[in-house]
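Working notes for the structure below.
The values are calculated or read from the model by the stated rules, or taken from the named source; none is laboratory data. This one's a predicted model, so the numbers in the text were calculated from it and none came from an experiment. Glycine also receives a Cβ, built like all others from the backbone with ideal geometry; neighbour counts cover every protein chain displayed.
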Amino acid sequence: MNPSLTNATIGSNILTVSCWNPKNAAPNDIFDYIDIASIDRESKSIVSTTSLRAEDAPSRARQIVKGGDILVSTVRPNLNAVTVVPDHLGEPIASTGFCVLRCDPKRMNSRYLFHWVRTSSFIGSMVRQATGASYPAVTDRIIKESRLPLPPLHKQARIADILDKADAICQARRRTICNAYDLKRVLLLEFTGDAATAHVRPELDDTGLHLPKGFRWRRLDEICVAICDIDHNMPKAVAKGVPLISPKDMPDDGELSFDDVKYISHDDFTRLSRKIKPQRDDIIYSRIGARLGKARLVRVDGDFLASYSCCTIRVNKEVIHPEYLTHYLDSIITRRQANLDTQSIAVPDLGLAKIKAFLVPVPSLEKQQTFVNQVKLLDAQISKMKLALSASGDLFNSLVQRAFRGEL
């Protein structure tokens, strides 16, 4: 680090944030709520808020935030769920699961601080100080007492501007990748024709919807050899063991992620896998919670289980291509079918009987393979885009390291 840089605590350069008590508000007052699930960890942005009435406010909904505030998740600091509140949200309410950092504009540039809390130095410091084996967390005090290099305010602004521009390149490439994923969804809609309208015409029988020539409506359980979940009890988490996939491990890139998976003991795995144990080319389908309706193809051979918030689907490969079915089950077409049958407003829950009754437009295996081949060509392009994004990320990380060593 440049010896001319001042080393200061975050807490000595921020302002106090006001708290909110829903008991002091009218029961029908509406507020926008930001919780940990609102944050996209890749883009470091708020992708959604929840509009709630004051009388329905969660116990954690207590912090009044505004544009420019930096939110740092205190739970699982290794995931670095951080963001900046955009101005257009006004004054939403943030969960107490965030440490809110509101910079004193006379001392610290908020964009400079935002880039700092994304660094490996900050993340590593938080991980080392986190407590709790299965649910590691840090306190607001730990975050605010952490230190960072602090040049004069005008240099902070210049550094933040450089990093913002480099970050903008990364974000643009992420958006290009997202658009490519959207194109995959469009390919499915074009391939299946009127299947996209099935959800709005439930009064029609299986032959009442027009499909492209050579397609036939089939119920999901007619084209699968198994659709099962595990026993509905939550096994204890362990530090090392067998991965237990849940809906949170189904990111929007269309794959299963084992990066932050929960582990269970081998004894629990043996007990819970008696009904079904996922294997390559099975499909994991989320059926409970906010991420209901996600389908992911199993592309690994090692042992793991899907939690009871999911079911494991094993296809009959003589009738259906597992990749084609995965794309269909993960589509808005099937999600709309699922929404018709979902129980419980607070926690959406889709029963296995409803899943087995899903309508699937099934063409010949040859046509399914044609669709899969088109998707694979697009996936190859997406892979190239990801390499370009990785190169941009490397450049950004290099600039970040130089910036906080005082070399920019």
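Taken over segment 289-304, the criterion of being surrounded by fewer than 23 Cβ atoms within 10 Å (Cβ to Cβ) and in a strand (DSSP E or B) is satisfied by A295, L297.
Answer yes or no as to whether N339 is at pLDDT below 90 and in a helix (DSSP H, G or I). Let's see the steps before the verdict.
On the way: at pLDDT below 90: yes; in a helix (DSSP H, G or I): yes.
The answer is yes for N339.
Filtered by the rule that a residue be of a type in the set (A, V, I, L, M, F, W, C) and free of Cβ contacts under 8 Å to residues at least 40 places away in the same chain, segment 43-63 gives V47, L52, A54, A57. D349 meets the conditions (1) touching a strand residue (DSSP E or B) at 6+ places or on another chain (Cβ under 8 Å); (2) modelled with pLDDT of 90 or more in every case but one. The failed one is (2).
Per the conditions (1) surrounded by fewer than 14 Cβ atoms within 10 Å (Cβ to Cβ); (2) basic (K, R); (3) in contact (Cβ under 8 Å) with a residue 60 or more places away in the chain, the sole criterion not satisfied by R173 is (1). Looking across segment 19-37 at every residue that is in contact (Cβ under 8 Å) with a residue 40 or more places away in the chain and surrounded by 13 or more Cβ atoms within 10 Å (Cβ to Cβ), the one that is farthest from S110 (Cα to Cα) is identified as F31.
Among the residues of segment 258-268, is any on the phi > 0 side of the Ramachandran plot, modelled with pLDDT of 90 or more and assigned to a loop (DSSP other than H, G, I, E, B)? No, segment 258-268 has no match at all.
Just to verify a result, which residue in segment 387-408, among those that are hydrophobic (A, V, I, L, M, F, W, C) and without any contact (Cβ under 8 Å) to a residue 12 or more places away in the chain, is surrounded by the most Cβ atoms within 10 Å (Cβ to Cβ)? Taking the candidates together, the pick is A391. Looking at S286, S265, S273, just one residue is of a type in the set (S, T, N, Q) and touching a Cys at 6+ places or on another chain (Cβ under 7 Å), and that residue is S286.
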